[in-house]
Amino acid sequence: MVVRRVVSTRTAETVTELLRRVVEERGGTGTKARLDDFPVAGKTGTAQKVNLQTGGYSSKRIGSFVGFVPANAPRAVILVLIDEPKTASYGGVVAAPVFRAIASAVLKRLAVEPPATALQASAATPVPRPTPTEADAPVAPSPSATPSFLGLSLREALTRAHAAGWEVVVSGTGYVAAQQPLPGAPLGADHRLALRLAVGDTLATP
């Protein structure tokens with residue numbers, strides 16, 4: 001039973017995007033929690049344990065990772081705590097791989113279908129344009145050619161596209177690796193833009 005909403009939808013979406021970067025971005029602390037077929041949002045943690053004799057910190061640690069999956073439509077929230085790990089103490093090293101294994105098994109047990117990754121505008125779900133209270137008034141697209149969104153984060157791409165009056169559909173996770181219409185292509189009458197996101201070495205550059 002839903003009691004109340006504690007944060008706005010917009011805030012929840014922003015936090016989710018930031019937590020996805022922890023897992024999806026190169027150099028993120030939670031990359032070892034990444035799943036091939038599902039977007040993951042999560043946070044690593046490393047904590048020192050208290051020395052009960054001195055009341056201060058001890059040299060013993062707890063490594064942790066907490067996350068939810070799929071990030072865009074959560075079915076499971078998983079917390080992994082490794083008490084006094086023997087190898088490394090960082091949550092991203094010792095706990096994130098355990099999260100990955102558990103999440104993979106849970107999603108399989110729940111028969112959750114992976115999201116489509118193909119760039120098919122007809123099958124993708126349109127991302128609604130922000131209301132006037134959430135963004136500046138739309139600006140008419142350039143009359144000459146389609147701008148490039150390649151290499152942008154999802155948030156930045158949506159901000160620019162919506163501000164220019166585009167109808168956007170999105171597939172994949174990470175950063176914009178492909179777009180349709182292509183950069184520089186003549187503008188279509190419907191101003192419909194399809195973006196495919198990818199992670200790591202598959203990223204395109206503007």
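Quick check on segment 101-113. Is at least one of its residues open to solvent by less than 50 Å² (accessible area, probe 1.4 Å) and in a loop (DSSP other than H, G, I, E, B)? Yes, segment 101-113 has at least one match. Summed over segment 151-180, the residues that are open to solvent by 30 Å² or more (accessible area, probe 1.4 Å), at pLDDT 85 or above and of a type outside the set (Val, Ile, Thr) give a count of 2. Identify, please: which residue in segment 58-97 is of a type in the set (Val, Ile, Thr) and crowded, with 18+ Cβ neighbours inside 10 Å and is, among those, nearest to the chain's Cα centre (by Cα)? Looking at the filtered set, the residue picked out is VAL69.
The values are calculated or read from the model by the stated rules, or taken from the named source; none is laboratory data. Quick caveat, the model's predicted, so the values are computed rather than measured. As a convention, Cβ positions derive from the backbone with ideal geometry for all residues, glycine included, and neighbour counts pool all protein chains shown. Quick note on the areas: whole protein, heavy atoms, side chains included, nothing else; ligands and nucleic acids left out. Shrake-Rupley method; radii C 1.70, N 1.55, O 1.52, S 1.80 Å.
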